[in-house]
Amino acid sequence: MANSFDIHAAARRAMITNGFQPDVPPEVLAEVSKAADPSTLPLGNVRDLRALPWSSIDNDSSMDLDQLEVAVRLPNGDVRVSVAIADVDATVSMGSATDRFAAANSCSVYTGIVTYPMLPDRLSMQLTSLSQDVDRPSIIIEFVVATDGTVRSHDVYLSRVENRAKLAYGSVGAWLDGRGQLPAAATSTVQEQLRLQDAAAQSLRANRGRRGALSLETIEAQTVLRADKTVSVELVEKTRASHLIEDFMIAANVAMAEFLDEHKSPTIRRVVRTPERWDRIVALAAALGEKLPAVPDSAALEAFLTKRQSADPDHYPDLSLSVVKLIGPGVYELHEPGTPDTGHFGLATHDYTHATAPNRRFADLVTQRLLKAVLAGKPCPYSTDDLAKIAAHCTEREDAARKVERQVRKEAAAESFASRVGESFDAIVTGVSPKGTYVRVVTPPVEGRVMRGEQGLDVGDRTRVKLLSTDPSRGFIDFGAEPKQG
């Protein structure tokens with residue numbers, strides 16, 4: 001069965017099944033072919049920040065670069081962080097064929113090997129990407145980080161920037177930990193920048209933790225196509241550089257939400273509601289000898305998680321996964337100025353939008369247009385009804401994208417597991433519903449359904465399972481739960 005699984009066919013099939021348009025329409029391709037290179041356009045009435053030592057940190061293979069970072073130590077010890085976001089709206093006009101195509105799919109879909117970009121490659125990987133050594137229009141989200149990690153002030157404005165160093169999570173993370181080298185593009189100035197940015201990011205993270213933001217550390221899996229065309233499911237390791245970018249993007253998204261709110265603009269917020277299955281989270285804590293309050297409390301949950309991470313780091317990702325599943329996914333919602341905000345339970349904040357990935361998420365592109373209307377003193381380009389519909393559609397499409405990614409990963413996993421029927425594995429229960437009970441094997445990170453012995457299992461339980469069968473064509477992996485040893 002070494003070559004029986006065609007990941008490209010599986011990905012395309014999953015895209016169509018879940019309502020995506022996998023192929024760029026001819027009218028969009030024609031429109032994109034005529035798009036001008038932004039570097040050839042006049043500077044305009046924006047700030048020229050091209051001389052600053054901007055750098056990007058992303059996956060090694062990423063070409064659709066949405067953001068750059070630069071930081072300055074102020075005389076009082078605070079750090080002013082500037083995040084440059086690709087000005088996609090400068091090239092993709094509202095209501096154009098390209099815009100309608102992006103709105104329909106609403107996000108890029110990453111299946112591991114095949115990527116279906118929200119915007120055609122000429123845009124997402126070239127004209128709207130903040131690639132190294134090219135002049136690009138951008139939106140600057142600026143915030144000042146105090147020594148205690150609080151954000152003192154923020155500002156948002158238009159600029160032109162130039163990426164001086166395209167860097168990757170793995171190499172930057174290893175370098176920050178003193179275990180590796182950076183590429184030649186990381187000059188001494190860029191290296192100094194990375195140290196300063198890392199310090200500011202750690203301050204932000206520590207402050208969020210004190211407020212009750214959850215320091216979850218889940219195990220992520222990706223589909224990998226080997227040189228011999230066989231597939232496998234492998235772990236994605238988070239690094240110190242991953243955390244740096246995550247911390248800056250959270251701060252930038254909060255700053256954007258607050259800026260738009262201050263200027264009386266409606267926004268599309270990203271919210272995570274209070275968990276409905278808090279009782280199960282309380283039960284998980286109790287099984288580990290800890291007590292959580294009867295009502296949802298993010299600060300208490302974070303204190304528990306921090307303690308468990310220190311006490312049992314090897315199993316902490318499994319606990320994190322259980323908590324993530326019980327909290328549930330985030331959604332997009334319309335937020336009108338002056339109205340209560342649902343908030344983001346996981347981040348312990350009440351002001352959070354998505355603004356930092358306009359090449360990959362349509363909600364972020366919409367946010368750019370809301371911002372530009374504010375900066376230009378013009379009316380909001382969308383009605384509140386339009387924004388509410390966009391928010392609902394983006395939520396539905398992101399859910400569908402996760403289904404695509406999960407389906408392709410399941411088919412790849414079923415193919416790679418086909419020869420291991422009869423073997424037993426340590427696993428953790430990740431889902432229990434009327435449709436069935438699901439587990440994730442600890443190593444390798446493969447998910448499947450428990451078809452025998454599932455009675456009494458609940459999310460977060462550890463169990464031992466035996467592989468009963470696989471069906472790569474449907475992505476089915478069936479396990480039987482083994483009796484607990486007394």
Go through region 410-445 residue by residue and tally those that are under 27 Å from Ile327 (Cβ atoms) and either assigned to a loop (DSSP other than H, G, I, E, B) or not small (Gly, Ala, Ser) (or both).
18
Has region 476-483 got at least one residue that is of a type outside the set (A, V, I, L, M) and either at pLDDT below 90 or under 22 Å from Trp278 (Cα atoms) (or both)?
yes
Residue in region 350-391 that is modelled with the lowest pLDDT, counting only those that are acidic (Asp, Glu) and surrounded by fewer than 21 Cβ atoms within 10 Å (Cβ to Cβ)
Asp351
Do you know which of the residues in region 5-16 that are touching a residue at least 12 places away in the same chain (Cβ under 8 Å) and open to solvent by 40 Å² or more (accessible area, probe 1.4 Å) is farthest from Gly173 (Cα to Cα)?
Arg12
Scanning region 463-477 for residues that are outside any strand (DSSP E or B) and of a type outside the set (S, T, N, Q), which turns out farthest from Ser424 (Cα to Cα)?
Arg474
Quick count over region 172-201, residues being closer than 20 Å to Asp64 by Cβ and touching a residue at least 40 places away in the same chain (Cβ under 8 Å), is 2
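The rows are residues; the columns are (1) crowded, with 16+ Cβ neighbours inside 10 Å; (2) of a type in the set (Val, Ile, Thr); (3) over 14 Å from Arg361 (Cα atoms).
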residue: Asp48; (1), (2), (3): no, no, yes
residue: Leu52; (1), (2), (3): yes, no, yes
residue: Ser62; (1), (2), (3): yes, no, yes
residue: Val81; (1), (2), (3): yes, yes, yes
residue: Ala86; (1), (2), (3): yes, no, no
residue: Cys107; (1), (2), (3): yes, no, no
residue: Gly112; (1), (2), (3): yes, no, yes
residue: Tyr116; (1), (2), (3): yes, no, no
Just one listed residue, out of Thr267, Thr274, is more than 19 Å from the chain's Cα centre (by Cα), among the β-branched types (Val, Ile, Thr), modelled with pLDDT of 90 or more and closer than 25 Å to Cys394 by Cα, and it is Thr267
Among the residues of region 460-486, how many are farther than 30 Å from Thr17 by Cβ, in contact (Cβ under 8 Å) with a residue 60 or more places away in the chain and open to solvent by less than 40 Å² (accessible area, probe 1.4 Å)?
1
Would region 392-409 turn up any residue that is free of Cβ contacts under 8 Å to residues at least 40 places away in the same chain, in a helix (DSSP H, G or I) and more than 30 Å from Trp278 (Cα to Cα)?
no
Out of the residues in region 448-459 that are free of Cβ contacts under 8 Å to residues at least 40 places away in the same chain and open to solvent by 20 Å² or more (accessible area, probe 1.4 Å), state the one that is nearest to Ile281 (Cα to Cα).
Leu457
Would it be correct to say that Val144 is within 19 Å of Ala199 (Cβ to Cβ) and in contact with a strand residue (DSSP E or B) (Cβ under 9 Å, 6 or more places away or on another chain)?
yes
Criterion: open to solvent by 10 Å² or more (accessible area, probe 1.4 Å), more than 19 Å from the chain's Cα centre (by Cα) and modelled with pLDDT of 95 or more - qualifying residue of Arg179, Arg136
Arg136
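The values are calculated or read from the model by the stated rules, or taken from the named source; none is laboratory data. Only a predicted model underlies this, so the values are computations on that prediction, with no experimental measurement involved. Every residue, glycine among them, receives a Cβ derived from its backbone with ideal geometry; neighbour counts consider all protein chains shown. Areas reflect the complete protein model, heavy atoms only, side chains present, ligands, DNA and RNA absent. Shrake-Rupley method; radii C 1.70, N 1.55, O 1.52, S 1.80 Å.
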